[in-house]
1. For region 92-103, just list the computed ³J(HN,Hα) in residue order, Karplus coefficients 6.51, -1.76 and 1.60, θ = phi - 60°, integers in Hz, with x standing in for Gly and Pro.
2. Can you compute the charge dipole magnitude of region 35-104 about its Cα centre, using +1 on each Lys and Arg Cβ and -1 on each Asp and Glu Cβ, nothing else charged? Give it in debye, rounded to the nearest 20.
3. Filter the cross-link list Lys59/Lys90; Lys78/Lys105; Lys79/Lys105 down to pairs whose alpha-carbon distance in this structure exceeds 28 Å.
4. Relative contact order for region 35-104 using alpha-carbon pairs under 8 Å, separation at least 6, rounded to a whole percent?
5. Taking 1 over the mean of 1/r across every pair of different Cα atoms in region 35-104, what Kirkwood radius in Å do you get?
6. Give me the distance in nm between label points sitting 7 Å out from Cα along the Cα-to-Cβ direction at Glu40 and Val98, one decimal.
Amino acid sequence: MAPRKNSKRSDSTSDSGPDDPEPKPAAKKAKTSTAKDDDEPSWAIDTKRFVKVREFKGKVMVDIREYYDAGGEMKPGKKGICLSVQQWRKLVDVIDEVDKAIKEK
C-alpha cells in the first residue's frame, strides 16, 4: 500500500487572518528630481551625453557623462569622466593641440 500524504485541512470557519497567504508588496514610489539637479549647469553634447558642473564632497567637478532613460527620467550612467577644476583647465589648455592632431589624421 502506498504511503498516505497528510494534507492540511481546516474545518474551522473562523477568520484568523487575510485570505491571501502572500500579500503583494507595496508599489515602489518613483523618485522625483531634486532641486539640486536643476541647479547644476548642464550642456548637451549629444542626444544622451552631457557636460555638467557639479559639487561632489565639497569640490567643484566637471562631469562629462552618458545618461540613460529610466522610465522617462534621465539618469547618469557608468560611462563618463569627472574632472577636477585643475584637470579641466589642463584639458582646455591642450585643446588646440588636440584639434591640430585631429586635422592631421
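No value in this document is a laboratory result; all are computed from the given coordinates. Keep in mind that this is a model prediction, so the values were computed, not measured. Please note: Cβ atoms are built from the backbone with ideal geometry, for glycine as well, and neighbour counts cover all protein chains shown.
1. 4, 5, 9, 4, 4, 5, 5, 4, 5, 5, 5, 5
2. Working: 15 positive and 15 negative charges, 62 e Å.
I would put it at about 300 debye.
3. Lys78/Lys105
4. Computed value for region 35-104: 19 percent relative contact order.
5. Working: mean 1/r = 0.0736 Å⁻¹.
Result for region 35-104 stands at 13.6 Å.
6. It is 2.0 nm.
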